[in-house]
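Just so it is clear, none of the values below were taken in a lab; they were calculated from the coordinates. Predicted model only: the values in this text are computed from it and were never measured. Reconstructed Cβ throughout: ideal geometry from the backbone, glycine too, with neighbour counts over all protein chains shown.
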Amino acid sequence: MTAAIEEVSGEEESHDALSTLRETLLHEINRARKSVSGRIHSLEEGLQASADADALMQKGQLLLAYAHTLSPRASLLEIPDLDTTIELDPQRTPAENAERLFRRYRKLKDARRRIPAMLAAAKEDLERLNEAATFARLAGSEADLQALGRELKPVEEKGAGSARNKRRGPPKYRFEGVTAVVGRSAKENEEVTFRVARGEDVWFHARGRTGAHLVILGGGKKLSEEETSAAAELAAYFSEGREDTAVDVDVAAVRDVRKIARGAPGKVTYRNSRTVRVRPRMDRWTRVGS
């Protein structure tokens, strides 16, 4: 009886620790998402403001052209024929007011050139964090959550190279005579598909969902329909469709999967695929490594 109680108690403590770690990581991810969302909002506002750059250049040119019509210390230049009004600093000369407009124009023009790339990078960061939140909810162990947390930190904070932070590779699962390797994050997805797998291996991913890249390490072995179905079920289980009754899973040869040029980790295109519809489950698989 005592042994049974201790066993149940240990399972509860382990579950509590996993839940606490998951909640902590999700809190950190949500905080980062709010920060990135704020950055995106500011950049979008800056991009919108930069659209006025050419108008400022035009105002500066008009101010110089009509400077002779201004009275000393004028605060406004009105050009009825062009339906244009330009506000002025009465403490400045027309030339100084024009130069102020030109300076503002140069700043906005520079912003218009730089902001799109910054905005794209910020949106990629947000997408990466959204994916990380999904992987955090899918994680099945404290080690998986800790590895994901380390990936989200800057390299200099990880203590790269230290024995303490060296992680194990992506986990492997076994079903009868088939071995699957599964990515637990965007970076691991890239590792699974482009470093662990070989061209003749078979690749699985839940269609249109954030989730694991799963590869069957077959060395060219043709999978049976049952093996294909079991692998698709596992890929669906390790996706954001885990709670759905059915998920579409794309299946392709690894050689037909390509990394998107300059894309974020784990972003791929693929061809010559087929799609199988399965119920997410993992009960037919046994974890055998990492």
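Neighbour counts of C-beta atoms inside 10 Å place ASP144, ASP283, ASP248, ASP54 in the sequence ASP283, ASP54, ASP248, ASP144, starting with the fewest.
Panel order for TRP285, TRP203, by other beta carbons found within 10 Å of each beta carbon, from fewest to most: TRP285, TRP203. Of the listed values [x] 49, 41, 40; [y] 97, 51, 39; [z] 54, 42, 32, grab the one calculated as Cα extents along the principal axes in Å from the structure here. Only one listed value fits the structure, namely [y].
Each of VAL36, VAL202 has some number of other Cβ atoms within 10 Å of its Cβ, and from fewest to most they run VAL36, VAL202.
For an R0 of 41 angstrom, estimate the FRET efficiency from the Cβ-Cβ distance between ALA55 and ALA264 and round to the nearest 0.05. Plugging the Cβ-Cβ distance into 1/(1 + (r/R0)^6) gives 0.70.
Measuring against 22 Å, Cα to Cα, the residue pairs LYS123/LYS259; LYS123/LYS153; LYS123/LYS172; LYS107/LYS153; LYS34/LYS259 contain LYS123/LYS172; LYS107/LYS153; LYS34/LYS259 as the ones spanning a longer distance.
Spacing of the modelled spin labels on GLU127 and GLN91, each 7 Å from Cα toward Cβ, amounts to 4.8 nm. Between SER273, SER229, SER75, the residue with the greatest mean-square fluctuation in the GNM of the chain (Cα pairs under 10 Å linked by springs) is SER75. Just so you know, the averaged projected area of the alpha carbon convex hull for segment 170-289 sits at 6.5 nm².
If you plug the beta carbon distance of ARG106 and LEU64 into 1/(1 + (r/R0)^6) with R0 = 22 Å, you get a FRET efficiency near 0.85. Springs between Cα atoms under 10 Å define the GNM used for the chain, and in it the highest mean-square fluctuation of LEU126, LEU76, LEU18 occurs at LEU76. From most to least packed by mean Cβ count within 10 Å, the peptides 174-186, 80-92, 255-267 give 174-186, 255-267, 80-92.
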